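Heads up: the structure comes next, in structure tokens.
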Amino acid sequence: MRVRHLTDIEMQGLLDRRDVVVPSQVPGVLYLKDLDSQEHIDNCPVCSAELNLYRQLYGELEEQPQVKLPRNFATRVTFSLPPFKAQRTRARLQLATIWGVSFLVSLFWMVAQIDFSSLVARVLTSGYELYGQMTLALFALGGLLPHIEINALQYLSPLLGVWDSVVGAFSTDSDHLNLVVLAGTVLAMIAWIDHVFLSSLRRER
Amino acid sequence: MLHSEKCNFPCPKPVYYDVRSYAGQDPRQLVDRILSGDPNAFKQLVKDHERLVGQVVFRMVPGESDREDLCQDIFVKVYQNLDSFRFDSKLSTWITRIAYTTCLNHLEKKKTPLFEDCSPEGKTIDECESNNGDPARWTDSRRTSVKVCEEIDRLPVVYGTILSLFHLQEMTYAEIGQILSLPEGTVKSYLFRARKMLKEQLQVRFSLEELCA
């Protein structure tokens, strides 16, 4: 009868399954749950020798010398870096710049919407209206842009659409300007809640 | 001139960080401190991961004098990209991935193949021994260890790296897969082939008695 020897995959599989080694037994000896394999290994000098070789190889691989870098390596690396700056402060400054630029752009956009022929008269007579629109822009953009997240950006476009239609509906009626300011505040609140929610999600991750 | 306590100028009080207090600190806190601008926290990060990075670099870029500079470059990259790290994986896995890709780029520049025997033939046993950390441990099975060390260097770079990450750094298949951008199954397959190749190389070069002596 032809004897089937264990393959390399089987031998490595046996040694990788560390749970088959019974700790209370003689150290370095593999005890298999699969008695047929164990019996074969015990009686087959070829498989036994191969398995011993693999076992020794595993031992050597796990005991390979660790690389040692010079003792002052960490200090050297730290000193080689550019001057330490709070990276988050830098990021906040960048976001603040984005917000500032966006605010100015929105301001110019609003000014462009105004009929320049009656600008002076409108500012004088409807100063509160302009103030209301600016407050709305300030709240909406101020609430959103410093906390730009990919998910928040999904809300940006519809929010601005709502804002545009609200302004369009109420900007000529100064009696409703309080509503316009209120809408801006609500938009800012939505953006803020969105930001807090996303931050907490990220912290949980 | 050092700031004196008698100085009347309202200088801000200097902040002293004790690097020892960062040992064993949670990686999230450590990263937060680094991003707040604390150089000692970064120093601790380097200390925590220098062996891991060194192991990858020394395994992937054998026999080159600029390996320490490569390790330094890797930590500079870690510093530069730390604010983009979102803890989607373990910090050590992320750092090892940077080490691996940096070494790959280095090898590409040198046009070293990744899946062929690529160790410099000139590397001697003495050179291999000089890397051994604990000479006392190597007195017993010194000869076998040297042989294994030598033969790992003859394996393809990727195989040697996987062996090192799995057996020495005790990383899981999933972690190695993340580092090498390979599926778990491929990692298992490479690991099997690497061990088989290593065993066969040892059998070809040395007799069974020699190996098991």
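Among the residues of the range B:149-160, are any outside any helix (DSSP H, G or I), modelled with pLDDT of 65 or more and over 15 Å from B:R97 (Cα atoms)? Checked the range B:149-160: at least one residue is outside any helix (DSSP H, G or I), modelled with pLDDT of 65 or more and over 15 Å from B:R97 (Cα atoms).
Meeting the requirement of 3 or more residues that are modelled with pLDDT under 90 and either more than 17 Å from A:G59 (Cβ to Cβ) or within 13 Å of chain A (Cβ to nearest Cβ) (or both), the helices (runs of 4 or more DSSP H) wholly within the range B:169-213 are B:184-205, B:208-212.
Any idea how many residues of the range B:48-71 are under 22 Å from A:P82 (Cβ atoms) and either surrounded by 19 or more Cβ atoms within 10 Å (Cβ to Cβ) or in contact with a Lys or Arg (Cβ under 6 Å, 6 or more places away or on another chain) (or both)? Full working, then the answer.
The initial filter retains those residues of the range B:48-71 that are under 22 Å from A:P82 (Cβ atoms), namely B:48-50, B:53, B:66, B:68-71.
Next, only the ones that are either surrounded by 19 or more Cβ atoms within 10 Å (Cβ to Cβ) or in contact with a Lys or Arg (Cβ under 6 Å, 6 or more places away or on another chain) (or both) stay: B:48-50, B:53, B:70-71.
Qualifying residue count for the region: 6.
Scanning the range A:50-62 for residues that are without any contact (Cβ under 8 Å) to a residue 40 or more places away in the chain and at the interface with chain B (Cβ under 7 Å from one of its Cβ atoms) yields A:N52, A:L53, A:Q56, A:L57, A:E60, A:L61, A:E62.
Being part of a helix (DSSP H, G or I) and of a type in the set (S, T, Y) is the filter; apply it to the range B:56-109 and report the residue that is farthest from the other protein chains (Cβ to nearest Cβ). Explain how you work it out, then say what you get.
First, the residues of the range B:56-109 that are part of a helix (DSSP H, G or I): B:56-60, B:67-84, B:91-109.
Still in the list and also of a type in the set (S, T, Y): B:79, B:84, B:92-93, B:96, B:100-102.
Details: B:Y79: 6, B:S84: 10, B:S92: 15, B:T93: 15, B:T96: 13, B:Y100: 15, B:T101: 18, B:T102: 14 Å.
Residue satisfying both the conditions and the ranking: B:T101.
Is it true that A:S48 is among the hydroxyl-bearing types (S, T, Y) and either touching a strand residue (DSSP E or B) at 6+ places or on another chain (Cβ under 7 Å) or modelled with pLDDT of 85 or more (or both)? Yes.
The values are calculated or read from the model by the stated rules, or taken from the named source; none is laboratory data. Since this is a predicted model, take the numbers as computed values, not measurements. Glycine also receives a Cβ, built like all others from the backbone with ideal geometry; neighbour counts cover every protein chain displayed.
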